[in-house]
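These notes are about the structure you will find just below.
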Amino acid sequence: MSLVCQIRYVIDPFQLAAFETYAKKWLAIIPSCGGECLGYFLPHEGTNNIALALLKFETLAAYEAYRARIRADEAGAANFRDARDKRFILSEERTFLRVVEA
């Protein structure tokens with residue numbers, strides 16, 4: 001059974017470019033730490049302060065191992081610090097979804 005972690009970000013709409021740079025960095029970092037990044041999604045029309053990320057893992061234990069690796073990873077830690085220092089992420093929520101398989 002595969003799981004998808006949906007991360008819903010509330011972002012500062014005046015710092016969209018900073019969030020996009022942050023998201024692009026994760027596209028390389030996440031796979032190197034054991035996650036499968038299905039994508040980052042930025043606001044386009046309508047609500048201008050919500051962004052999403054979808055990450056896939058085989059199990060919840062695989063996700064927990066990934067979280068430990070990404071926090072210890074130099075590039076991952078730097079990206080977390082950048083978001084904290086620039087404050088373009090106002091809040092985030094994680095939802096774990098089960099993939100429907102035939």
Residues of the stretch 58-78 being more than 12 Å from Ile29 (Cα to Cα) and either of a type in the set (A, V, I, L, M, F, W, C) or in a strand (DSSP E or B) (or both), in sequence order, are Leu60, Ala61, Ala62, Ala65, Ala68
Filtering the stretch 50-102 down to residues that are of a type outside the set (A, V, I, L, M, F, W, C), without any contact (Cβ under 8 Å) to a residue 40 or more places away in the chain, over 26 Å from Ala17 (Cβ atoms) and out of contact with any strand residue (DSSP E or B) (no Cβ under 8 Å at 6 or more places or on another chain) yields Glu64, Arg67, Arg69
Can you spot a residue in the stretch 82-99 that is modelled with pLDDT under 95 and either under 22 Å from Ser2 (Cβ atoms) or not charged (D, E, K, R) (or both)?
yes
All-but-one check, Tyr22 against (1) surrounded by fewer than 16 Cβ atoms within 10 Å (Cβ to Cβ); (2) hydroxyl-bearing (Ser, Thr, Tyr); (3) touching a residue at least 60 places away in the same chain (Cβ under 8 Å), failing number (1)
Out of (1) over 16 Å from Arg84 (Cα atoms); (2) open to solvent by 10 Å² or more (accessible area, probe 1.4 Å); (3) out of contact with any strand residue (DSSP E or B) (no Cβ under 9 Å at 6 or more places or on another chain), the one Cys33 does not meet is (2)
Among the residues of the stretch 1-18, the number that are open to solvent by 40 Å² or more (accessible area, probe 1.4 Å), closer than 13 Å to Leu90 by Cβ and part of a helix (DSSP H, G or I) is 4
Exception for Leu55 within (1) open to solvent by 50 Å² or more (accessible area, probe 1.4 Å); (2) in a strand (DSSP E or B); (3) closer than 20 Å to Met1 by Cα; (4) not small (Gly, Ala, Ser) falls at (1)
Taking the stretch 79-102 and keeping only residues that are in a helix (DSSP H, G or I) and surrounded by 12 or more Cβ atoms within 10 Å (Cβ to Cβ), one is left with Asn79, Phe80, Asp82, Ala83, Lys86
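The values are calculated or read from the model by the stated rules, or taken from the named source; none is laboratory data. A quick note: this is a predicted structure, and the numbers were derived from the prediction, not measured. Positions of Cβ are generated from backbone atoms using ideal geometry, with glycine treated the same way; all protein chains shown enter the neighbour counts. For accessibility, only protein heavy atoms count, side chains too; no ligands or nucleic acids. Shrake-Rupley method; radii C 1.70, N 1.55, O 1.52, S 1.80 Å.
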